[in-house]
Amino acid sequence: QVQLVESGGGLVQAGGSLRLSCAASGRTFSDYALGWFRRPPGKEREFVAAISRSASGSQYAASVAGRFTISRDDAKSTVYLQMNNLKTEDTAVYYCAAKRKFGDDSASSYDYWGQGTQVTVSS
């Protein structure tokens with residue numbers, strides 16, 4: 001089992017920045033690819049970004065590419081999502097997730113999930 005706990009959400013004005021963190025415990029962190037998803041109000045959960053086990057590869061949704069950056073610190077068992085130039089449409093509950101194999105960005109491919117952290121972007 002892998003336990004994931006997100007933090008760093010909050011209220012920010014459009015154009016601002018936030019950094020989300022997701023701390024993991026349980027199994028060996030470096031064995032897992034990590035992803036971030038979000039659920040906007042009234043919408044389905046959607047993929048945001050993912051990073052491979054060695055951090056050699058990363059993926060981004062088109063809506064966040066160039067504004068968001070995913071990174072990981074295996075020594076701290078933590079994955080981050082740096083969010084810059086935030087827009088009102090980025091308002092959502094953000095979730096981190098873990099799985100063994102990098103590449104498939106579908107939510108169903110992930111095995112472990114955090115509880116989520118709220119990000120609200122005001123205009």
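Every number here is computed from the coordinates shown, using simple stated rules; none is lab data. In this text the structure is predicted, and so the values were computed from the model without any measurement.
So for the chain, averaging the separation of alpha carbon pairs under 8 Å that are six or more residues apart and normalising by length, what relative contact order in percent results?
Values: 306 pairs, mean separation 44.4, N = 123.
Averaging sequence separation for qualifying contacts and normalising by length gives 36 percent for the chain.
A full extension of the chain between Ser25 and Gln13 corresponds to an added length of 1.1 nm, given 0.36 nm per residue minus the alpha carbon distance. Straight-line reach from Lys43: taking Cα to Cα under 14 Å and skipping same-chain neighbours fewer than 8 places apart, the aspartates and glutamates in range are Glu89, Asp90.
Among Arg38, Arg72, Arg27, the largest mean-square fluctuation in a Gaussian network model of the chain (Cα springs under 10 Å) belongs to Arg27. The alpha-carbon of Lys101 sits under 16 angstrom from the alpha-carbons of these aspartates and glutamates, leaving out residues fewer than 8 places away in its chain: Asp31, Asp111.
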